[in-house]
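Trainee: Below are the structure tokens for one structure; questions will follow.
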Amino acid sequence: MSRLRPVLAIVPLITVVVVATMAAGCDESSAAGDRGLIPGASPTPRPTIPPAAATNTPAPGHFDVIDGVSVYREIPPLSVNISQWRETDFRRWTVDPDEIISGGPGRNGIPPIYQPHHRSVIDSVSDEAMRSWLTLDHPVAVVEVNGDARAYPLGILTFHEVVNDNIGGQPVLVTYCPLCYTVKAFNRVVDDVELNFGTTGNARLSNMVMWDDYTESWWQQADGWGIVGDAAGQWLEYVPSYITSFQEFVRTYPDGRILSPASGDSEFWPIYGGSQYAGYDSPNNPPHLFVGELDERLSPKERVLGVEIDDEVIAFPFARLRQVQVVNTEIGGEPVVIFWKTGTRSALDEESIGESHDAGSAAAFSRRFGDLVLEFEAAGDFFRDTETGTLWTLLGAGDQGELGGQRLTPVRADNALWFMWAAFNPTTGIYAVS
């Protein structure tokens, strides 16, 4: 691995082809260190077991397990086409090879963004074409690093899924898997090498599988785990991210910047703001590209905010959060607050996101602030702590009051559809309204 290989050129795709193919497809602080955000905390260890016995998987003896990576003596039989992946070492796996399924598009068939452009809030709302679909309740992914806040409209991300960006002076990977309703952000630097990422067109447990342009290893979007190739067994560093409304982003970050449609090929511009996943979040619509048993404790398509601290993992169903709006609790020994509010549309309902139902949005933070442990309550468009009376936004910014201008510390929390969260976190508990 002496140098970075050039990123594969993206072949322009006509809209008809993109719509057809995408309908079929869809933490960690360092690879070697503590993956929690709170000092002393680390999430539940991920399994690093050899592939389970299956009809087309070699029996034990065909591979060795080295540092949690199954190293096959020969490439195991695969159900996906690997002709485009000449640099990938398909002898190295951290998951069962049978779990990788083709979504239809090939390598970068869902074109990632390598050169993102961003606009100010004023420029975005002043642009007539963008304003036609970027409504105040439009869902956006939010990532903030070193005071630099960016919003990524899901009406754009749904057509690209991967954005290679630089935020606050740090190379950051921003990803969105529509099949799982999961936004994840990671540091793009691994072992002092800045990586660029793309889409493989494959999925595991319905979750997007990404690839890097240095080792051409495959990575799991759900948790940033290297699952195939030279980087198998490594972790991408987790960067906090959220899904909320454009209005909530502007409320917290009025000077923030928004991903511009100019980041993608012009052939996409007429369809930005839409979705190829109309009806996907319907309870009667089964998960796509999912192989395995579903956890029946909740409806598969229930939205949840999954929180992971130390050895405790809890899912907070949106249907239950809607009843209470605020949850003051403790997870993994850490006092935590969960905020939830209405005003964010689904990106998985109607062909036009602007016509979709209100799914709401949620976020989680530590309740520790200096020597205080705060208690929170809902207060209209804000959340109020009862100790100082400060009003806080959904994204954890002090807006008015004694702690105005301060920020709450995020904990590791991810939006997801229940079937996916349970598949990747089988020991998860579920919050119940008391």
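The values are calculated or read from the model by the stated rules, or taken from the named source; none is laboratory data. Predicted model, so just to flag it, every value in this text is computed and none were measured. Using ideal geometry, Cβ is built from the backbone for each residue, glycine included, and neighbour counts are taken over all protein chains shown. Ligands, DNA and RNA are excluded from the accessible area calculation, which covers all protein heavy atoms including side chains. Shrake-Rupley method; radii C 1.70, N 1.55, O 1.52, S 1.80 Å.
Trainee: Under 8 Å between Cβ atoms, at least 6 apart or on separate chains: pull out the pairs that start in segment 118-141 with a residue that is under 25 Å from G168 (Cα atoms) and end on any residue that is open to solvent by 50 Å² or more (accessible area, probe 1.4 Å) and among the aliphatic types (A, V, I, L, M).
Mentor: Matching pairs, first to second residue: L134/V125.
Trainee: Mind telling me which of the residues R297, R345 ends up being over 20 Å from E377 (Cβ atoms), within 20 Å of the chain's Cα centre (by Cα) and at pLDDT 95 or above?
Mentor: Details: R297 fails: within 20 Å of the chain's Cα centre (by Cα).
After ruling out the rest, the residue left standing is R345.
Trainee: Now for a different question. Being touching a strand residue (DSSP E or B) at 6+ places or on another chain (Cβ under 8 Å), assigned to a loop (DSSP other than H, G, I, E, B) and not polar (S, T, N, Q) is the filter; apply it to segment 410-434 and report the residue that is surrounded by the fewest Cβ atoms within 10 Å (Cβ to Cβ).
Mentor: For segment 410-434, the residue satisfying everything is Y431.
Trainee: How many residues are more than 24 Å from W418 (Cβ to Cβ) and either touching a Cys at 6+ places or on another chain (Cβ under 9 Å) or open to solvent by less than 10 Å² (accessible area, probe 1.4 Å) (or both) when one looks only at segment 214-231?
Mentor: Residues of segment 214-231 more than 24 Å from W418 (Cβ to Cβ): 214-218, 226, 228-231.
After this cut, where a residue has to be either touching a Cys at 6+ places or on another chain (Cβ under 9 Å) or open to solvent by less than 10 Å² (accessible area, probe 1.4 Å) (or both) as well, the list is 217-218, 226, 228-229, 231.
Within segment 214-231, residues that are more than 24 Å from W418 (Cβ to Cβ) and either touching a Cys at 6+ places or on another chain (Cβ under 9 Å) or open to solvent by less than 10 Å² (accessible area, probe 1.4 Å) (or both) number 6.
Trainee: How many residues, within segment 279-298, are within 22 Å of G360 (Cα to Cα) and open to solvent by less than 50 Å² (accessible area, probe 1.4 Å)? Even if it seems obvious, please write down each step before you answer.
Mentor: Pass one, segment 279-298, residues within 22 Å of G360 (Cα to Cα): 279-287, 297-298.
Filter again for open to solvent by less than 50 Å² (accessible area, probe 1.4 Å), leaving 279-282, 287, 298.
Looking only at that region, the number is 6.
Trainee: Hey, any hits in segment 169-182 for a residue that's open to solvent by 10 Å² or more (accessible area, probe 1.4 Å), touching a strand residue (DSSP E or B) at 6+ places or on another chain (Cβ under 6 Å) and not basic (K, R)? Even if it seems obvious, please write down each step before you answer.
Mentor: Here is the first cut: in segment 169-182, the residues open to solvent by 10 Å² or more (accessible area, probe 1.4 Å) are 169-171.
Of the ones still in play, those that are also touching a strand residue (DSSP E or B) at 6+ places or on another chain (Cβ under 6 Å) are 170-171.
Pick out the ones that are also not basic (K, R) and you get 170-171.
Yes.
Trainee: Test each condition in (1) touching a His at 6+ places or on another chain (Cβ under 6 Å); (2) open to solvent by less than 10 Å² (accessible area, probe 1.4 Å); (3) of a type outside the set (S, T, Y) for A262 and report the one that comes out false.
Mentor: It fails just one condition, (2).
Trainee: What are the pairs, 6+ residues apart or on separate chains, where a residue within segment 280-301 that is within 9 Å of F419 (Cα to Cα) and of a type in the set (D, E, K, R) has its Cβ under 8 Å from a residue that is open to solvent by 70 Å² or more (accessible area, probe 1.4 Å) and part of a loop (DSSP other than H, G, I, E, B)?
Mentor: Filtered contacts from segment 280-301: D295/P426; K301/P283.
Trainee: Right, next: Of everything in segment 186-232, what is closer than 26 Å to V304 by Cβ, assigned to a loop (DSSP other than H, G, I, E, B) and aliphatic (A, V, I, L, M)? Give them in sequence order.
Mentor: Scanning segment 186-232 gives L205, A222.
Trainee: Just to confirm my filter: which strands (runs of 3 or more DSSP E) fall fully inside segment 251-319 and include at least 3 residues that are within 30 Å of D399 (Cβ to Cβ) and of a type in the set (S, T, N, Q)? Before the answer, list the steps.
Mentor: Numbers: elements: 257-259, 303-309, 312-317.
No strands (runs of 3 or more DSSP E) qualify here.
Trainee: Please pick out the residue among G429, G370, G354, G343 that is more than 20 Å from R303 (Cα to Cα) and small (G, A, S). Walk me through it before giving the result.
Mentor: Numbers: G429 fails: more than 20 Å from R303 (Cα to Cα); G354 fails: more than 20 Å from R303 (Cα to Cα); G343 fails: more than 20 Å from R303 (Cα to Cα).
Criteria check complete, one pass: G370.
The rows are residues; the columns are (1) crowded, with 22+ Cβ neighbours inside 10 Å; (2) in contact with a Ser or Thr (Cβ under 7 Å, 6 or more places away or on another chain); (3) farther than 20 Å from S434 by Cβ; (4) aromatic (F, W, Y).
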site	(1), (2), (3), (4)
R303	yes, no, yes, no
D311	no, yes, yes, no
A319	no, no, no, no
R322	no, no, no, no
V327	yes, no, no, no
I331	yes, no, no, no
P335	no, yes, no, no
T342	no, no, yes, no
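Trainee: Here's something else I'd like to know. Can you name the residue in segment 351-366 that is touching a Gly at 6+ places or on another chain (Cβ under 8 Å) and part of a loop (DSSP other than H, G, I, E, B) and, of all such residues, is surrounded by the fewest Cβ atoms within 10 Å (Cβ to Cβ)? Quick ask: steps written out before the conclusion?
Mentor: Initially, segment 351-366 is screened for residues touching a Gly at 6+ places or on another chain (Cβ under 8 Å), giving 351-354, 358, 360-361, 363, 365.
After this cut, where a residue has to be part of a loop (DSSP other than H, G, I, E, B) as well, the list is 351, 360.
Numbers: E351: 13, G360: 21.
Taking the candidates together, the pick is E351.
Trainee: Right, next: Kindly list, by first and then second residue, each pair from a residue in segment 322-337 that is more than 17 Å from D385 (Cβ to Cβ) and modelled with pLDDT under 95 to a residue that is of a type outside the set (S, T, N, Q) and buried (at least 17 other Cβ atoms within 10 Å of the Cβ), limited to pairs with Cβ atoms under 6 Å and residues at least 6 apart or on different chains.
Mentor: As it stands, the answer is none, since no pair meets every condition given.
Trainee: Considering only residues of segment 119-145 that are at pLDDT below 95 and charged (D, E, K, R), which is surrounded by the fewest Cβ atoms within 10 Å (Cβ to Cβ)? Working first, answer last.
Mentor: So in segment 119-145, the residues at pLDDT below 95 come out as 121-132.
From the residues that got through so far, the ones that are charged (D, E, K, R) too are 123, 127-128, 131.
Details: D123: 13, D127: 14, E128: 7, R131: 11.
So, considering only residues that are at pLDDT below 95 and charged (D, E, K, R), the one surrounded by the fewest Cβ atoms within 10 Å (Cβ to Cβ) is E128.
Trainee: Sticking with this structure for a sec: Within segment 198-213, track down each residue that is of a type in the set (A, V, I, L, M, F, W, C), crowded, with 24+ Cβ neighbours inside 10 Å and in contact with a Phe, Trp or Tyr (Cβ under 8 Å, 6 or more places away or on another chain). Walk me through it before giving the result.
Mentor: First, pick out the residues of segment 198-213 that are of a type in the set (A, V, I, L, M, F, W, C): 203, 205, 208-211.
Within this subset, residues satisfying the condition of being crowded, with 24+ Cβ neighbours inside 10 Å are 203, 208-211.
Matches in segment 198-213: V209, M210, W211.
Trainee: Shifting gears a bit: Would you call V69 open to solvent by less than 10 Å² (accessible area, probe 1.4 Å) and closer than 29 Å to S263 by Cα?
Mentor: Numbers: open to solvent by less than 10 Å² (accessible area, probe 1.4 Å): yes; closer than 29 Å to S263 by Cα: no.
Spelling it out, it is not the case that V69 is open to solvent by less than 10 Å² (accessible area, probe 1.4 Å) and closer than 29 Å to S263 by Cα.
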